[in-house]
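Peer 1: Here it is, the structure in full.
The values are calculated or read from the model by the stated rules, or taken from the named source; none is laboratory data. Note that the structure is a prediction, hence the values are computed from the model and not measured. Here Cβ is always computed from backbone atoms with ideal geometry, including for glycine, and neighbour counts include all displayed protein chains. The protein model used for the area step is the full one, side chains on, heavy atoms only, and it has no ligands, DNA or RNA in it. Shrake-Rupley method; radii C 1.70, N 1.55, O 1.52, S 1.80 Å.
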Amino acid sequence: MTRIHTNHIATMTEMREPHKVLERSGGKPVAVMKNSRCVGYFVPAEATLQEEPRVATLDEVMESIARRKHINQPILDYLKDK
């Protein structure tokens, strides 16, 4: 059984009018079905990243590690002898 990764579904016949499919989905990705099988996904522009992801600087990474030390340390201690 194939898992569908969205709540919105359209048939190949419905894809003849993609603007209606987009309106119904509310800007979310739509699984396109043919003979009860998912053949692909129709992803509207607003559902994609509009800008490139930003890479964290070394200072930001070190700050995050320091801020989470009290959370991470018990896990690291537990894993030390594993």
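Peer 1: Which condition does Val30 not pass, out of (1) hydrophobic (A, V, I, L, M, F, W, C); (2) at pLDDT 95 or above; (3) more than 15 Å from the chain's Cα centre (by Cα), if it passes all the others?
Peer 2: So Val30 meets the others, but not (3).
Peer 1: Hey, any hits in segment 42-55 for a residue that's touching a residue at least 12 places away in the same chain (Cβ under 8 Å) and touching a Leu at 6+ places or on another chain (Cβ under 7 Å)? Explain how you work it out, then say what you get.
Peer 2: Taking segment 42-55 first, the residues touching a residue at least 12 places away in the same chain (Cβ under 8 Å) are 42-44, 46-47.
Right, trim to touching a Leu at 6+ places or on another chain (Cβ under 7 Å) and you get 44.
For segment 42-55, residues touching a residue at least 12 places away in the same chain (Cβ under 8 Å) and touching a Leu at 6+ places or on another chain (Cβ under 7 Å): present.
Peer 1: List pairs: first residue in segment 1-13 and under 12 Å from Lys34 (Cβ atoms), second residue part of a loop (DSSP other than H, G, I, E, B) and modelled with pLDDT under 95 anywhere in the structure, Cβ distance under 9 angstrom, at least six positions apart or on different chains.
Peer 2: Final answer for the pair search is Met12/Asn35.
Peer 1: Now for a different question. So how many residues does segment 33-42 have that are within 14 Å of Asn7 (Cβ to Cβ) and under 18 Å from the mean Cα position of the chain (by Cα)? So that I can check it myself, show each step before the final result.
Peer 2: Kept after step one, since they are within 14 Å of Asn7 (Cβ to Cβ), are these residues of segment 33-42: 33, 38, 41-42.
Adding the requirement that they be under 18 Å from the mean Cα position of the chain (by Cα) leaves 38, 41-42.
Of the residues in that region, 3 qualify.
Peer 1: Can you work out which of the residues in segment 8-25 that are acidic (Asp, Glu) and more than 23 Å from the chain's Cα centre (by Cα) is surrounded by the fewest Cβ atoms within 10 Å (Cβ to Cβ)? Break it down into steps so the answer makes sense when it comes.
Peer 2: Applying the first criterion (acidic (Asp, Glu)) to segment 8-25 yields 14, 17, 23.
Next, from what is left, pick out any that are more than 23 Å from the chain's Cα centre (by Cα): 14, 17.
Working: Glu14: 16, Glu17: 11.
Of everything passing the filter in segment 8-25, Glu17 is surrounded by the fewest Cβ atoms within 10 Å (Cβ to Cβ).
Peer 1: Can you name the condition, by its number, that His5 falls short on among (1) of a type outside the set (Phe, Trp, Tyr); (2) modelled with pLDDT under 95; (3) open to solvent by less than 60 Å² (accessible area, probe 1.4 Å)?
Peer 2: (3)
Peer 1: In segment 19-36, what count of residues is obtained for those that are in contact (Cβ under 8 Å) with a residue 24 or more places away in the chain and closer than 17 Å to Thr48 by Cα? Break it down into steps so the answer makes sense when it comes.
Peer 2: Just the residues of segment 19-36 that are in contact (Cβ under 8 Å) with a residue 24 or more places away in the chain, to begin with: 29-31, 33.
Now narrow it down to the ones that are closer than 17 Å to Thr48 by Cα: 29-31.
Qualifying residue count, segment 19-36: 3.
Peer 1: Consider segment 26-73. How many of its residues are open to solvent by less than 80 Å² (accessible area, probe 1.4 Å) and assigned to a helix (DSSP H, G or I)?
Peer 2: Within segment 26-73, the first condition is being open to solvent by less than 80 Å² (accessible area, probe 1.4 Å), and the residues that meet it are 26-27, 29-33, 38, 40, 42-45, 47-48, 56-57, 60-61, 64, 66, 71-73.
Filter once more, keeping what is assigned to a helix (DSSP H, G or I): 45, 47, 60-61, 64, 66, 71-73.
Summing the residues that are open to solvent by less than 80 Å² (accessible area, probe 1.4 Å) and assigned to a helix (DSSP H, G or I) in segment 26-73 gives 9.
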